[in-house]
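Asks: Could you have a look at this structure, given as structure tokens, before my questions?
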Amino acid sequence: MSTSSTNELKFRDSVDLMFNRAASFMDISPKLIEKIRVCNATYTVRFGVKLRGEVHTFTGYRAVHSEHKEPVKGGIRYSLDVNQDEVEALAALMTYKTALVEVPYGGSKGGLCIDPKAWDEEELERITRRFTFELARRDLIHPSLNVPAPDMGTGEREMAWMMDEYRRLNNTNIDNIACVTGKPVHLGGIEGRVEATGRGVQYALQEFFRHNDDKKKASLRGELDGKKIVIQGLGNVGYHAAKFLSEEDGAKIITVIERFGVVRNPKGVNIEKLKQHMLSGEPLADFQGGTVTNPDPTAICDACDILIPAAMEAAINMDNAHSIKAKVIVEAANGPVTAKADKILRDKGVFIIPDMYANAGGVTVSYFEWVKNIGHIRFGRLQRRNQEAKNRELIEALETQGGLKFTKSFKSGFIEGANEIDLVRAGLDDTMRGAYGNIKAALIAKPELEDMRTAAFYVAISDIALHYRSIGL
Ligand code: GLU
């Protein structure tokens, strides 16, 4: 974690502080609260892989925060910043996140302390397979016990290697491919998983704009259309969120903050063009669609309506929180606002849509993938043509008997039955709307919760406490 101020709490303490704040409003025994808060177990593994003629030792972690529901779920990140504290804090966030969005899992998180850019593809595959083997030996990857997924520094490619390694070791388990989510579609993944976290950020913001009272709290009016957005990080989450919000909702991405520089355009940066430029390997400075400057820590304080931190933890901290000008912050990354910054921002009246809710799209669609895997059938396969036939009959009846006339494009759009991506997006949208509603309901029932983060923790902790109480704990 890269908190610039020494007075800042560690990430895990930051999460615990936010947890405790919500717990203080609850009528639950302190002992049960303690049970819910602590991380059940963390496994540390050090393993050697012979690469480039030498043995290299790697350190990996898998933390299991809560097994009140199984499998436990959460990503595996590859980064040199990975450490036990961070993995445990992230595992805790997974427990609360899955509870909040009603995804039936406990929370887990893993990490490998590695710079993925320092190794070529073949080397990374060998390292990943070996890490998987170590996890599999202890059931820390398992379709019914522990299901990893992509996170920072990992993606479909790593999930494919992990799945294949697990499958090799467990070839008689009919559900073996459900051991990880975020796989490529042709290897048992699901349409819409890659875009899912960014899509969830979009749905979260759309839902925010449906609530006039929340817009008022944030001193915002109108719709998403034309709103000015600053985004930090154009990785998988930031890219998809910025792309959908600008291309589909008409928002203007006025500032993109990236590792190698900042791109600004008051008319809105074309996200697809910028992403293609970045992927081409050309220097950021050569991008033609905006003003490009060197890395600038003050860019996060650019005047805007909405700030979307979609990169690292602690991006907004005691050092910059006072200067943030955004009216709304949508936490697309995990833990981008430190506990101390959170207080400063709340006092300033900034409306924060917390990570636990805003970035839950990934795990939600992971859940759909896992259900697809253990069901062994693609969503929509049974119903699609049936639905299409019924829609066609309806249109024909309205045209022949009702005397109505529809355009060709309306007809083809309406008649077509839902395919997997339509169902995934609809399920995700429903999940995001439902969770927002639950957070709002908690705030109405207990106004002293005051903010969305505390209310989100409150909803999640209540759900877990109910689970434990019902089984007699
Ligand atoms: N790594 C993602 C997260 O932090 C997704 C986890 C998952 O799909 O299990 O939520």
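Asks: Please specify each residue of the stretch 150-194 satisfying the condition of being under 17 Å from G361 (Cβ atoms), open to solvent by 60 Å² or more (accessible area, probe 1.4 Å) and not aliphatic (A, V, I, L, M).
Replies: E156, E191
Asks: Is at least one residue of the stretch 437-450 part of a helix (DSSP H, G or I), surrounded by 15 or more Cβ atoms within 10 Å (Cβ to Cβ) and small (G, A, S)? Break it down into steps so the answer makes sense when it comes.
Replies: Residues of the stretch 437-450 that are part of a helix (DSSP H, G or I), as a first pass: 437-445, 447-449.
This time we only want the ones that are surrounded by 15 or more Cβ atoms within 10 Å (Cβ to Cβ), so: 438-440, 442-443, 449.
Filter once more, so that each one left must be small (G, A, S): 442.
The answer is yes, given that some residue of the stretch 437-450 is part of a helix (DSSP H, G or I), surrounded by 15 or more Cβ atoms within 10 Å (Cβ to Cβ) and small (G, A, S).
Asks: Report yes if A136 is within 21 Å of N40 (Cβ to Cβ), aliphatic (A, V, I, L, M), touching a Phe, Trp or Tyr at 6+ places or on another chain (Cβ under 9 Å) and surrounded by fewer than 24 Cβ atoms within 10 Å (Cβ to Cβ), otherwise no.
Replies: Values: within 21 Å of N40 (Cβ to Cβ): yes; aliphatic (A, V, I, L, M): yes; touching a Phe, Trp or Tyr at 6+ places or on another chain (Cβ under 9 Å): yes; surrounded by fewer than 24 Cβ atoms within 10 Å (Cβ to Cβ): yes.
Yes: the conditions hold for A136.
Asks: Checking the conditions here, which among V38, V49 is crowded, with 16+ Cβ neighbours inside 10 Å and farther than 17 Å from D463 by Cβ? Outline the logic, then answer.
Replies: On the way: V38 fails: crowded, with 16+ Cβ neighbours inside 10 Å.
Going through V38, V49 in turn, the sole match is V49.
Asks: Here's another thing I want to ask about it. I'm trying to understand the selection: among the residues of the stretch 463-473, which are open to solvent by 10 Å² or more (accessible area, probe 1.4 Å) and more than 23 Å from G362 (Cβ to Cβ)? Write out each step before concluding.
Replies: If we filter the stretch 463-473 for residues that are open to solvent by 10 Å² or more (accessible area, probe 1.4 Å), which is where we start, we get 463, 466-473.
Matches in the stretch 463-473: L466, Y468, R469, S470, I471, G472, L473.
This table checks each residue for (1) outside any loop (DSSP other than H, G, I, E, B); (2) out of contact with any helix residue (DSSP H, G or I) (no Cβ under 7 Å at 6 or more places or on another chain); (3) away from the ligand (no atom under 16 Å from the Cβ).
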site	(1), (2), (3)
I374	yes, no, no
R378	no, no, yes
N391	yes, no, yes
L398	yes, yes, yes
S412	yes, yes, yes
D422	yes, yes, yes
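Asks: Continuing with the same structure: Among the residues in the stretch 16-25, are any open to solvent by less than 40 Å² (accessible area, probe 1.4 Å) and either polar (S, T, N, Q) or not in a helix (DSSP H, G or I) (or both)? Walk me through it before giving the result.
Replies: At the first step, the residues of the stretch 16-25 found to be open to solvent by less than 40 Å² (accessible area, probe 1.4 Å) are 16, 18-19, 22-23.
Then keep just the ones that are either polar (S, T, N, Q) or not in a helix (DSSP H, G or I) (or both); that gives none.
Looking for residues that are open to solvent by less than 40 Å² (accessible area, probe 1.4 Å) and either polar (S, T, N, Q) or not in a helix (DSSP H, G or I) (or both), one finds none in the stretch 16-25, hence no.
Asks: Inside the stretch 163-176, can you point out the residues that are more than 22 Å from the chain's Cα centre (by Cα) and hydrophobic (A, V, I, L, M, F, W, C)?
Replies: Step one: of the stretch 163-176, the residues more than 22 Å from the chain's Cα centre (by Cα) are 164-176.
Within the stretch 163-176, L169, I174 meet the criteria.
Asks: Could you check the stretch 269-330 for strands (runs of 3 or more DSSP E) lying wholly inside it with 1 or more residues that are closer than 14 Å to V350 by Cα?
Replies: Details: elements: 291-293, 306-309, 328-330.
Fully inside the stretch 269-330 and qualifying: 306-309, 328-330.
Asks: Something else about it: Just for the stretch 402-418: of the residues that are surrounded by 15 or more Cβ atoms within 10 Å (Cβ to Cβ) and not charged (D, E, K, R), which one is modelled with the lowest pLDDT?
Replies: Within the stretch 402-418, the subset surrounded by 15 or more Cβ atoms within 10 Å (Cβ to Cβ) is 411, 415, 417-418.
Then keep just the ones that are not charged (D, E, K, R); that gives 415, 417-418.
Values: I415: 95, G417: 90, A418: 93.
Among those that are surrounded by 15 or more Cβ atoms within 10 Å (Cβ to Cβ) and not charged (D, E, K, R), it is G417.
Asks: State which residue is nearest to the ligand (Cβ to nearest atom) when the search covers only the stretch 339-367 and only residues that are part of a loop (DSSP other than H, G, I, E, B) and more than 25 Å from P150 (Cα to Cα). If you could, list the steps in order and put the result at the bottom.
Replies: As a first pass, look at the stretch 339-367 and keep what is part of a loop (DSSP other than H, G, I, E, B): 349-350, 354, 359-360.
Restricting the remaining residues to those that are more than 25 Å from P150 (Cα to Cα) gives 349-350.
Working: G349: 28, V350: 23 Å.
Filtering first and then ranking leaves V350.
Asks: Looking at the stretch 322-338, which of the residues that are away from the ligand (no atom under 13 Å from the Cβ) and buried (at least 24 other Cβ atoms within 10 Å of the Cβ) is nearest to F244 (Cα to Cα)? Working first, answer last.
Replies: Here is the first cut: in the stretch 322-338, the residues away from the ligand (no atom under 13 Å from the Cβ) are 322-330, 337-338.
Narrowing the set further to residues that are buried (at least 24 other Cβ atoms within 10 Å of the Cβ) leaves 326, 328-330, 337-338.
Details: A326: 20, V328: 18, I329: 17, V330: 15, V337: 23, T338: 27 Å.
Among those that are away from the ligand (no atom under 13 Å from the Cβ) and buried (at least 24 other Cβ atoms within 10 Å of the Cβ), it is V330.
Asks: Hey, another quick one. Kindly indicate whether K35 is in a helix (DSSP H, G or I), without any contact (Cβ under 8 Å) to a residue 12 or more places away in the chain and not aliphatic (A, V, I, L, M).
Replies: Working: in a helix (DSSP H, G or I): yes; without any contact (Cβ under 8 Å) to a residue 12 or more places away in the chain: no; not aliphatic (A, V, I, L, M): yes.
No.
Asks: Here are some residues: E393, E399. Which one is in contact with a Lys or Arg (Cβ under 9 Å, 6 or more places away or on another chain), surrounded by 10 or more Cβ atoms within 10 Å (Cβ to Cβ), more than 27 Å from I190 (Cβ to Cβ) and among the acidic types (D, E)?
Replies: Numbers: E393 fails: in contact with a Lys or Arg (Cβ under 9 Å, 6 or more places away or on another chain).
It is E399.
Asks: Among what's in the stretch 148-171 and is assigned to a helix (DSSP H, G or I) and among the hydrophobic types (A, V, I, L, M, F, W, C), pick the residue that is farthest from the ligand (Cβ to nearest atom). Before the answer, list the steps.
Replies: Quick first cut of the stretch 148-171, residues assigned to a helix (DSSP H, G or I) only: 156-169.
Checking the rest, the ones that are also among the hydrophobic types (A, V, I, L, M, F, W, C) come to 159-163, 169.
Values: M159: 10, A160: 15, W161: 17, M162: 13, M163: 14, L169: 21 Å.
Per the criteria, the residue is L169.
Asks: Answer yes or no as to whether Y105 is aromatic (F, W, Y), more than 12 Å from the ligand (Cβ to nearest atom) and surrounded by 24 or more Cβ atoms within 10 Å (Cβ to Cβ). Can you show your working first?
Replies: Values: aromatic (F, W, Y): yes; more than 12 Å from the ligand (Cβ to nearest atom): no; surrounded by 24 or more Cβ atoms within 10 Å (Cβ to Cβ): yes.
For Y105, the condition - aromatic (F, W, Y), more than 12 Å from the ligand (Cβ to nearest atom) and surrounded by 24 or more Cβ atoms within 10 Å (Cβ to Cβ) - is not met.
Asks: In the stretch 339-361, which residue that is over 21 Å from R12 (Cβ atoms) and of a type outside the set (K, R) is most open to solvent (accessible area, probe 1.4 Å)?
Replies: D347
Asks: May I ask you to list the residues in the stretch 202-230 that are under 20 Å from E258 (Cα atoms) and out of contact with any Leu (no Cβ under 8 Å at 6 or more places or on another chain)?
Replies: Selection gives K228 alone.
The values are calculated or read from the model by the stated rules, or taken from the named source; none is laboratory data. Quick caveat: nothing in here was measured; it's all calculated off a predicted structure. Note that each Cβ is placed from the backbone with ideal geometry, even for glycine, and that neighbours are counted across all protein chains shown. The area values use the complete protein model at the heavy-atom level, side chains included, leaving out ligands, DNA and RNA. Shrake-Rupley method; radii C 1.70, N 1.55, O 1.52, S 1.80 Å.
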